[in-house]
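The values are calculated or read from the model by the stated rules, or taken from the named source; none is laboratory data. From a predicted model like this one, the values you see are computed outputs, not experimental measurements. Because the Cβ atoms are built from the backbone with ideal geometry, glycine has one as well, and the counts that use them run over all protein chains shown. Heads up: the accessible areas ignore ligands, DNA and RNA and are worked out on the full protein's heavy atoms, side chains in. Shrake-Rupley method; radii C 1.70, N 1.55, O 1.52, S 1.80 Å.
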Amino acid sequence: MGEVITFTSGKGGVGKTTTTANVGVGLSLLEKKVVLVDTDIGLRNLDVVMGLENRILYNLVDVLTGRCRVKQALIRDRRYPNLWIIPSSCSVDAKNSLSEAQMKSLLDSLKQEFDYILIDSPAGIDEGFHLATFDADHVVVVTTPQIASIHDADCVLQLLSRRAKQEPRKTQEVSLLVNCFRKSMVREGNMLDLPDICELLDAKLLGVILEDEEIIISQNHGEPVMGRHSASEMCYQNVARRLAGEELAIPDYIRRRTLFSRILFGNSARKLV
Amino acid sequence: MCHRTKRRFQEKQSRAAEASGGIAKERLKLMIDAQKRQLDDDTLNLIRQEIGSVITKYVDIEPENVEIRIVLKDYPSNRS
């Protein structure tokens, strides 16, 4: 049985799609069978980020409304061994006619085939957000250290916990992912540090993604950042390993380790939170 | 001196041509172009209906037994 993991955020532009794409690639490199589902109806982006925009025949709306079979909408990413995507649609016509039941039946059939179903949620907290999160086993709230993004992340976290109380369907794991983290700005005291963010939001930290120019360059090419040997690659791979069940400490990026302390205490990552 | 400056300038230009920004622009041009040409579902249905009525005019067949698929060959992101 596959696990459904949804990446959501409240605020737009914090890196949901980028995270979904790269964590998905990371999981597929761990030899898991992965499908990425773009649920941002009307504003499809996941296929563009992955460079698969020319291979779309059918999309999520076609599957949900029964215009095609699930298999027909799955696009295989030939660069990776176990990776598929279901793109979203460009037209907004069907946006409000999609139901929970349709989504659930799609996810149930994907669970039979795949180890991980990663859902890229739309920004905002309306219908699309609900459709992307209601049946997830694990909801990952993506935030940057910017104040508006953290504020929106808090709204989403509260919404999720309220919903879990009101309509307890199943236990849903919720965790936090901090994106676009700049070590230098935190050292200068101009950016919130991880312990601060975790304390403010009172959420479990799944991982940290360092700010990286290579993200923009790789997306221009229509490629994930994985395999480009840049700062964020290891971060994404670590998130993928944690999602796959590995116990992996989040390294302390701020307190610099001197050579002396590394010799004395070992080179292993220090657990931060 | 002049030659070196010229060479540097050319190197810089060729690097700019290889850089990813140009690739992004090219991809976006294609996507936006395809998007503009994309027909919405209502128009597609109308085309199907009209072609169907033309066929039933010449061939003795019930309209519900006619299935029409529209494939725009040049635009790979278009749905058939």
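In table form, for the structure just shown:
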read-out: Subset of region A:11-48 (residues that are over 13 Å from the mean Cα position of the chain (by Cα), closer than 27 Å to A:SER105 by Cβ and open to solvent by 10 Å² or more (accessible area, probe 1.4 Å)); value: A:LYS32, A:LYS33, A:ASP40, A:ILE41, A:GLY42, A:LEU43, A:ARG44, A:ASN45
read-out: The one condition in (1) within 15 Å of the chain's Cα centre (by Cα); (2) under 19 Å from A:LYS11 (Cα atoms) that A:GLU173 fails to fulfil; value: (2)
read-out: Subset of region A:212-230 that is crowded, with 18+ Cβ neighbours inside 10 Å and not polar (S, T, N, Q) - its residue that is farthest from the other protein chains (Cβ to nearest Cβ); value: A:MET226
read-out: Enumeration of residues in region B:46-75 that are among the hydrophobic types (A, V, I, L, M, F, W, C) and within 11 Å of another protein chain (Cβ to nearest Cβ); value: B:VAL71
read-out: Any hit, region A:23-39, residues being away from chain B (no Cβ under 14 Å), closer than 26 Å to A:LYS170 by Cα, of a type in the set (Gly, Ala, Ser) and not in a loop (DSSP other than H, G, I, E, B); value: yes
read-out: A:LEU74 vs. criteria open to solvent by 30 Å² or more (accessible area, probe 1.4 Å), in contact (Cβ under 8 Å) with a residue 24 or more places away in the chain, away from chain B (no Cβ under 14 Å) and within 19 Å of A:SER218 (Cα to Cα); value: no
read-out: Residue identified as away from every other protein chain (no Cβ under 14 Å) and closer than 22 Å to A:THR17 by Cβ among A:ILE250, A:ILE209; value: A:ILE209
read-out: Cβ-Cβ under 8 Å pairs, at least 6 apart or on other chains, region A:40-55 side within 9 Å of another protein chain (Cβ to nearest Cβ), far side open to solvent by 20 Å² or more (accessible area, probe 1.4 Å) and in a loop (DSSP other than H, G, I, E, B); value: A:GLY51/A:GLU223; A:GLU53/B:SER77; A:ASN54/B:PRO76; A:ASN54/B:SER77; A:ARG55/B:PRO76
read-out: Meets criteria (part of a loop (DSSP other than H, G, I, E, B), open to solvent by less than 60 Å² (accessible area, probe 1.4 Å) and of a type outside the set (Lys, Arg)) for A:GLY207; value: no
read-out: Residue among A:ALA101, A:ALA136, A:ALA94, A:ALA73 that alone is under 25 Å from A:VAL225 (Cβ atoms) and of a type in the set (A, V, I, L, M); value: A:ALA136
read-out: Residues within region A:56-65 that are away from chain B (no Cβ under 11 Å) and either in a loop (DSSP other than H, G, I, E, B) or among the β-branched types (Val, Ile, Thr) (or both), tallied; value: 1
read-out: Residue satisfying all of: in region B:27-45; facing another protein chain (nearest Cβ under 10 Å) and assigned to a helix (DSSP H, G or I); farthest from A:ASP47 (Cα to Cα) among these; value: B:ASP42
read-out: Leading residue by the ranking (surrounded by the most Cβ atoms within 10 Å (Cβ to Cβ)) among those in region A:231-273 that are charged (D, E, K, R) and modelled with pLDDT of 80 or more; value: A:GLU233
read-out: Contacts under 7 angstrom Cβ, first residue in region B:17-44 being open to solvent by 70 Å² or more (accessible area, probe 1.4 Å), partner of a type in the set (Ser, Thr, Tyr), 6 or more apart; value: B:ARG37/B:TYR75; B:ASP40/A:SER91
